[in-house]
Amino acid sequence: MPVYRNETEYFWGQIENNTEYYKFPEMYKLLNDRTCDEEFYHLCKNFIDIALNAPKFPNKENLTVEACFQYSDMDKAKRATQDFISKFNIQNVEELLTVIKMFYPYASNDNRAKSGTLFKDAPYGSPNIGIYIDFCRIPDEIWNKLVEDILNNNL
């Protein structure tokens, strides 16, 4: 297992170990040529910030966690995406968004909580059944709204 010295090395190590993005020729060429290293990393970091900066409210009764996603984080990610599209003359925006969705969870290796397990309150000694929750992933309904706004230039 490789040892990474910083977040950026970790991020690019995850991309190098993933073969899924080979299916997307425009993004594969851009990422494989390493012409956009810093910009793509910061773009993905904007998306992980949406997920990790959202305050979370656990509900132990139905084992769910609700989150309050910040409009400022979403607007920042949308603007960064438009800037990236312009700077690198991206033709296939859907391809870019698919690859961002694939890799943004790896753009943060800091101390923010990335996951947790939620348990129902049970009397001492009772067996506990919990649910694992991944905080690094933006829920589909929020992601779909971001994609729609980016594709329609609603910044």
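The values are calculated or read from the model by the stated rules, or taken from the named source; none is laboratory data. This is a predicted model, so every value here is computed, not measured. Virtual Cβ from ideal backbone geometry, glycine too; neighbours counted across all protein chains shown. Side chains are part of the model used for accessible areas, which takes the heavy atoms of the whole protein and leaves out ligands, DNA and RNA. Shrake-Rupley method; radii C 1.70, N 1.55, O 1.52, S 1.80 Å.
Worth pointing out:
- Where a residue in the stretch 57-73 is on the phi < 0 side of the Ramachandran plot and its partner, wherever it lies, is open to solvent by less than 60 Å² (accessible area, probe 1.4 Å) and in a loop (DSSP other than H, G, I, E, B), with Cβ under 6 Å and at least six apart: A67/A54; C68/A54; C68/P55; F69/A54
- Options F88, F47: the member that is of a type in the set (F, W, Y) and within 19 Å of I142 (Cα to Cα): F47
- Within the stretch 126-155, the set of residues being of a type in the set (V, I, T) and modelled with pLDDT under 70 comprises I129 only.
- In the stretch 95-109, the residues that are open to solvent by less than 30 Å² (accessible area, probe 1.4 Å), more than 18 Å from F135 (Cβ to Cβ) and in contact (Cβ under 8 Å) with a residue 60 or more places away in the chain: E95, L96, V99
- In the stretch 128-141, the residues that are out of contact with any strand residue (DSSP E or B) (no Cβ under 9 Å at 6 or more places or on another chain) and either open to solvent by 40 Å² or more (accessible area, probe 1.4 Å) or farther than 28 Å from R79 by Cα (or both): R137, D140, E141
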